[in-house]
Each structure stands twice: as C-alpha cells, then as structure tokens.
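Rule-based calculations on the coordinates, nothing more; no lab input. Computed from a predicted structure; not experimentally measured.
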C-alpha cells in the first residue's frame, strides 16, 4: 500500500557522494551484488547501502537491474549499427516507432549527417536488407545514411562512469519535465517521488494515492 508523507524540501542540485559513486561502480561490475556484499566492498553498513541504492533508484540514476547479454554467443545472431536521417518534424514519431521493434536494442540521437543511430540484433537468417526494407523504409521521412555489421564486440560497458560530486538532474514523476530549482518530494512507501510544482503534486496524489488511501485528499 502507498504511504503518504507531506512534501518536503530537497537540497538541489542533487550530487553523488562518495558512497553513491562506489555503489554505482560495483553494480556496474556485478548487478547481482547484495546489499551485504556491497557494504563489505565499500566499507559502510548494510542499511547505508540500502538507503543510497533507494535514492539512486528514486532519482532515476538506476533505471532497472537486468542481465547484460552477449549477442556474440548466440548462433546466427547479427548485430548491426544503422545510421538514419529523419526529417525534423518526424524525429520523435520515428523514435517511438523504432522503440516498438524488438530487433532494435539501442536508439541514440546524434549530431552530424545522421540524427538517429540504432543498434539492431537480427536472428535466424534475417538479413540487414530485409530488415531495412520491411521496417525502416516504410517509416516515411527517414533516409538510411549507413549500416555497419558488428563483427565482434571487444568492450561493452553499460551506462556511464559516475564520480563523486557529479550533479544529477531530476524529472517530475507526474509530467516528466525536467525539474528546475527545488523539487517537491513525496514519500511513497519506502521510496520518494519528485514533483516540479504544486499542481503536479496535487495531480499525482489524486491519481496514485487517493485511489489506495481514500482518507488522503489531494
């Protein structure tokens, strides 16, 4: 059940401290590490690790915990980098359509001749030409700039390198917009939700909290 606490002030900008950076470094190496193992590796208590991980999840730095798969180990799998040029009015629509394709594993907005770069994994004899003809050319307003087949992956590090003192931007958990200045913080169960303004706070409470806590009025 969701629990509600009054919105609180929050120090901005949110910056990674030494413990945050150490946790992210170790989880990048092995995402299966338990809180107890993390506490031994970085020299802090287990409750401290749990508190910091919860903060990293709530702030959106840690999105999810998933296994890192090696496509090179799958027989007949072909990884391809495809560079696309989408007309400016169609960029967001093109990205949403690409997100629906299981073969598309990564989507990047870029500068240069191409403004969208995707990594695609094809299986069981599906060729690059077949994929482009079946899924990319019908998009409309999109030009294929280049395509390169990945022969072998030599390094595949996930995410970014995080260091102590780095500032972290927050997005509103209701409207999705970037929060400028002090966010409003809502305690929901053991986690936190960040809102950009009182309107989003009220709407969030009405949508997600009032339905489970009738006694809580927005």
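So what's the stretch 71-150 giving for Cα Rg divided by 2.2 N^0.38 Å, two decimals? Before the final figure, lay out each step's value.
Details: Rg = 12.2 Å, N = 80, 2.2 N^0.38 = 11.6 Å.
In units of the globular-protein estimate, the stretch 71-150 measures up at 1.05.
What percent antiparallel are the DSSP beta bridges of the chain, to the nearest 5? Walk me through the numbers before you get to the answer.
Details: 31 of 31 bridges.
Bridges in the chain are about 100 percent antiparallel.
Starting from 0.36 nm per residue, how many nanometres of slack lie between residue 163 and residue 105 once their C-alpha separation is accounted for?
Working it through step by step, the gained length comes to 18.2 nm.
Calculate the tail of P(r) for the chain: the fraction of all Cα-Cα distances greater than 29 Å, expressed in %. The partial results should precede the final answer.
Values: 11289 of 23653 pairs.
Percentage above 29 Å: 48.
Once every DSSP H run of n ≥ 4 in the chain is given -39500 (n - 2.57) and the sum is divided by its residues, what mean residue ellipticity at 222 nm do you get, rounded to the nearest 500 deg cm²/dmol?
Working: 6 runs with 53 residues, N = 218.
That calculation yields -7000 deg cm²/dmol at 222 nm.
Expressed in nm to one decimal, what extension gain is obtained for the pair residue 66 and residue 113 from 0.36 nm per residue of sequence separation less their Cα-Cα distance? Intermediate values should be presented prior to the final figure.
On the way: separation 47, 0.36 × 47 = 16.92 nm, distance 3.30 nm.
Length gained, residue 66 through residue 113: 13.6 nm.
In degrees between 0 and 90, to the nearest 10, how far off the longest principal axis of the chain does helix 46-58 point, with axes built from Cα atoms?
Tilt of helix 46-58: around 60 degrees.
Whole Å is fine, so just give me how far the alpha carbon centre of the stretch 49-103 lies from that of the stretch 15-34.
For the stretch 49-103 versus the stretch 15-34, the Cα centre distance is 20 Å.
Bin width 10 Å, alpha-carbon pairs only: give the P(r) of the stretch 17-67 as whole percents, running from 0 to the bin holding the largest distance.
Reading the bins upward from 0: 26, 64, 10.
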